[in-house]
Amino acid sequence: MTYENPPAPGAGAPEPRRLFIKSYGCQMNVYDSQRMADTLAPEGYVETADPAAADVVVLNTCHIREKAAEKVYSELGRIRKLKDAAAGDGRRMVVAVAGCVAQAEGEEILRRAGSVDLVVGPQSYHRLPGLLGRAEAGEKVVETEFPVEDKFDILSPPSRAATRKRGVAAFVTVQEGCDKFCTFCVVPYTRGAEVSRPAAKIVAEVERLAAAGVRELTLIGQNVNAYHGVGADGRDWTLARLLWRIAEIPGIARLRYTTSHPRDVGDDLIAAHRDLPALMPQLHLPVQSGSDRILAAMNRRHTRADYLAVVGRLRSAQPELALSSDFIVGFPGETDEDFRDTVRLVETIGFASAFSFKYSPRPGTPAAELTEQVEESVKDARLQILQEAIERHRAAFNASCRGRTFDVLFERPGRHPGQLVGRSPYLQPVQAIAPAALVGQLRPVTVTEIGPNSLFGALAAPEMTSVQRGREIAAGA
Ligand code: SAM
Ligand code: SF4
């Protein structure tokens with residue numbers, strides 16, 4: 001039975017059960033939530049946006065930063081009220097906690113939150129139908145082992161209708177887990193060792209997505225450019241090789257990948273940024289700190305100079321590259337001078353955007369044990385200074401787009417009638433007046449205004465665009 005062929009309604013057909021999934025954290029979790037919904041769809045679960053109406057509520061949690069677990073417990077307090085109300089109406093609501101908090105806390109969740117029926121770690125989502133069956137029968141279930149089977153072999157693919165609903169830009173996990181063990185990070189413990197999916201399975205998944213209308217694809221993984229899955233020729237393929245293969249799939253117009261580690265930027269990936277037209281000129285390359293002392297304490301395995309060198313090579317290959325990054329301030333032992341090195345790095349590189357976080361000790365990670373923890377007030381002050389610098393560069397990058405014409409992939413209707421929203425090659429949201437029929441299409445747009453969170457533009461006449469493009473090329477843009 002597939003989702004596209006549900007049982008005919010009538011005698012004997014089970015009532016659909018309503019499924020509410022809330023995702024916390026990164027794109028990887030959003031992707032996992034979609035795969036959970038896809039896997040439960042053939043079992044008769046239909047997604048709802050209303051937790052009060054749900055028969056099954058799944059919180060797909062993130063453990064990466066501060067108070068993540070606490071946020072989940074307070075959400076569970078709210079869910080408990082909904083569960084009690086459902087019980088008052090004679091309805092049983094099953095509550096599941098999935099994701100990295102589930103993996104890290106395990107049994108503890110059942111002890112602290114009596115409303116929870118099922119705790120399931122990220123490696124066991126393919127077992128959800130059976131696990132939920134047990135939970136629905138009244139058992140309290142905890143599943144946080146790392147199973148031997150590959151969950152991707154068992155997880156159901158999305159139906160064409162589900163893919164269409166999710167839009168023209170999609171994610172596909174190509175790699176999971178991490179072997180880098182940065183001293184601040186829980187990922188190697190919650191997601192486990194680095195594993196790459198075979199290229200053929202990724203290609204098959206992308207072909208299905210493309211056939212359902214997906215035009216832009218982001219390959220995701222905690223350490224995506226460490227990808228080394230087995231390829232069609234039986235050898236391990238690099239991420240670059242995989243990108244070239246996926247670019248051949250009809251319908252796929254744009255490719256991105258995230259999140260990368262500076263140490264794993266290979267020569268062929270740099271060459272792909274120069275030579276592969278579908279690969280967008282945008283890259284998220286977390287650096288975390290600009291101080292060599294702190295980078296060493298973080299076990300990042302790269303120096304400031306290494307990072308600058310990689311960025312230099314990437315920019316020589318693709319001068320248009322818009323870079324983004326992640327920063328942590330207040331790592332244990334970070335001095336004012338270390339922090340100034342971080343701000344100097346931001347000024348030197350000029351990121352088009354960046355995320356910055358206060359260091360938060362994660363239980364079980366080496367940095368949490370360090371004695372020189374930085375005062376919260378110092379972290380706050382540093383974060384503010386860093387964010388001001390990042391914002392200045394982001395605004396400057398956006399301002400440099402004014403008057404430029406580039407292709408926008410229109411994704412959905414905008415807030416105002418007649419408006420569509422899409423993405424620039426550099427991942428900025430772009431709003432323009434355009435016919436609804438252009439959703440899913442790439443069209444040249446001239447940027448006319450810069451808003452706080454998005455660019456505004458006007459559709460450019462195609463002939464005008466080629467002239468403008470000619471000018472831009474002649475000007476070396
Ligand atoms: N794999 C990526 C890399 O190599 O940088 C990052 C993965 S992590 C999911 C996303 C970001 O969360 C990190 O880049 C880091 O900036 C931040 N982060 C991770 N652990 C943190 C912690 N303990 N405190 C504050 N921020 C943290
Ligand atoms: Fe965490 Fe990224 Fe470091 Fe891996 S490389 S340990 S995911 S920060």
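The values are calculated or read from the model by the stated rules, or taken from the named source; none is laboratory data. All figures in this text were calculated on a predicted structure; none of them were measured in a lab. Here the Cβ is made from the backbone with ideal geometry for all residues, glycine too, and neighbour counts use every protein chain on show. All accessible areas refer to the heavy atoms of the entire protein, side chains included, with ligands and DNA or RNA removed. Shrake-Rupley method; radii C 1.70, N 1.55, O 1.52, S 1.80 Å.
Picking from residues in the stretch 101-130 that are part of a loop (DSSP other than H, G, I, E, B) and touching a helix residue (DSSP H, G or I) at 6+ places or on another chain (Cβ under 8 Å), the one that is most open to solvent (accessible area, probe 1.4 Å) is G114. Here K140 meets the list (1) open to solvent by 50 Å² or more (accessible area, probe 1.4 Å); (2) in contact with a Leu (Cβ under 8 Å, 6 or more places away or on another chain); (3) closer than 30 Å to P250 by Cβ almost entirely, failing just condition (3). When A193, A169 are screened for being of a type in the set (G, A, S), open to solvent by 20 Å² or more (accessible area, probe 1.4 Å), in contact (Cβ under 8 Å) with a residue 12 or more places away in the chain and away from ligand 1 (no atom under 16 Å from the Cβ), only A169 passes. Does the stretch 132-144 contain at least one residue that is farther than 23 Å from P16 by Cα and in a strand (DSSP E or B)? Yes: the stretch 132-144 contains one or more residues that are farther than 23 Å from P16 by Cα and in a strand (DSSP E or B). The condition of being farther than 15 Å from S454 by Cβ, open to solvent by 80 Å² or more (accessible area, probe 1.4 Å), in a loop (DSSP other than H, G, I, E, B) and free of Cβ contacts under 8 Å to residues at least 12 places away in the same chain holds for P417. V346: touching a strand residue (DSSP E or B) at 6+ places or on another chain (Cβ under 8 Å) and assigned to a helix (DSSP H, G or I), yes or no? Against the criterion (touching a strand residue (DSSP E or B) at 6+ places or on another chain (Cβ under 8 Å) and assigned to a helix (DSSP H, G or I)), V346 qualifies.
From the list P277, P250, the lone residue that is open to solvent by 20 Å² or more (accessible area, probe 1.4 Å), more than 16 Å from ligand 2 (Cβ to nearest atom), of a type outside the set (A, V, I, L, M) and closer than 21 Å to R166 by Cα is P250. Highlighted here are the strands (runs of 3 or more DSSP E) found entirely within the stretch 231-340 that include at least 3 residues which are more than 12 Å from ligand 1 (Cβ to nearest atom) and at negative phi: 254-258.
Note on the stretch 425-453: residues that are in a loop (DSSP other than H, G, I, E, B), of a type in the set (G, A, S) and buried (at least 18 other Cβ atoms within 10 Å of the Cβ) amount to 2. Residue count for the stretch 358-381 satisfying the condition of being open to solvent by 50 Å² or more (accessible area, probe 1.4 Å), within 16 Å of F327 (Cα to Cα) and in a loop (DSSP other than H, G, I, E, B): 1. If you go through the stretch 216-230 and pick out every residue that is open to solvent by 10 Å² or more (accessible area, probe 1.4 Å) and either without any contact (Cβ under 8 Å) to a residue 40 or more places away in the chain or near ligand 2 (Cβ under 9 Å from one of its atoms) (or both), you end up with 4.
Scanning the stretch 47-68 for residues that are assigned to a helix (DSSP H, G or I) and either in contact with a Cys (Cβ under 7 Å, 6 or more places away or on another chain) or surrounded by fewer than 19 Cβ atoms within 10 Å (Cβ to Cβ) (or both) gives A52, A53, A68. The single condition among (1) in a loop (DSSP other than H, G, I, E, B); (2) without any contact (Cβ under 8 Å) to a residue 60 or more places away in the chain that G213 does not satisfy is (2). Being within 25 Å of the chain's Cα centre (by Cα) and under 25 Å from G177 (Cβ atoms), is that true of even one residue in the stretch 331-341? Checked against the condition, which is being within 25 Å of the chain's Cα centre (by Cα) and under 25 Å from G177 (Cβ atoms), the stretch 331-341 yields at least one hit.
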